[in-house]
Amino acid sequence: MERLVYVYKSLRKTKTYLYVPEKDVFSHIPSGLMDAFGAPQFVMVFALKPERNLPKVTPQQLMEALDSKGYFLRIDLEDVEENLLNQERARRGLPPLDRDQIADYFH
């Protein structure tokens with residue numbers, strides 16, 4: 001199951017990363033996603049192995065996303081201060097949303 005994975009970060013969206021199976025190939029990624037993501041900035045390449053410890057995703061989940069969609073999008077919303085949706089909800093006196101509720105906004 002070992003294969004190379006290329007990681008890019010968004011310069012437009014804080015703590016947003018795109019994992020792809022080929023370096024600098026984005027033609028298969030939906031145009032709306034790329035518009036929101038902005039120009040990708042290369043971060044690193046790594047060999048995906050079953051025993052590898054990855055942030056926010058298991059190697060199997062990453063492999064499945066790369067095989068089915070051709071990419072994996074990771075958005076780190078752990079820091080409430082950087083979660084603009086929850087900042088706006090707090091400003092309006094509403095309770096914060098958890099990760100699953102926030103993910104529903106992007107589907």
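Just so you know, all these numbers are worked out from the coordinates, no wet-lab data involved. Note that the structure is predicted; figures quoted are calculated from it, not measured. Backbone-built Cβ (ideal geometry, glycine too); neighbour counts: all protein chains shown.
Treating the stretch 3-76 as a set of equal point scatterers at the Cα positions, no solvent, please give the Debye-formula log₁₀ I(q)/I(0) at q = 0.14, 0.20, 0.26 Å⁻¹. One equal scatterer on each Cα of the stretch 3-76 leads to -0.39, -0.81, -1.37.
How charged is the neighbourhood of residue 42? Take every other residue with its Cβ under 13 Å from the Cβ of residue 42, and add Lys/Arg as +1 and Asp/Glu as -1. The answer is 0.
Enter the angle in degrees (range 0 to 90, nearest 10) between the Cα long axis of helix 59-68 and the first principal axis of the Cα atoms of the chain, meaning the one along which they spread out most. With rounding to tens, the tilt is 80 degrees. For trypsin sites (Lys or Arg not before Pro), the sites in the stretch 31-82 that DSSP calls loop and that have at most 14 other Cβ atoms within 10 Å are 52, 56, 69. Cross-link partners for residue 69 among the lysines, with Cα-Cα distance under 17 Å and sequence neighbours closer than 8 places in the same chain left out: 23. Around the amide H of residue 43, modelled in the peptide plane, lie the amide H atoms of 7, 8, 9, all under 5 Å away and 5 or more residues distant in sequence or on another chain. Model label points for residue 56 and residue 13, set 7 angstrom from Cα along the Cα-to-Cβ axis, are 0.9 nm apart.
Placing dummy labels 7 Å off each Cα toward the beta-carbon, the span from residue 44 to residue 65 is 1.6 nm. Mean residue ellipticity at 222 nm from the helices of the chain, using -39,500 (n - 2.57) per DSSP H segment of n ≥ 4 over the full residue count, to the nearest 500 deg cm²/dmol? Rounded to the nearest 500, it is -8000 deg cm²/dmol.
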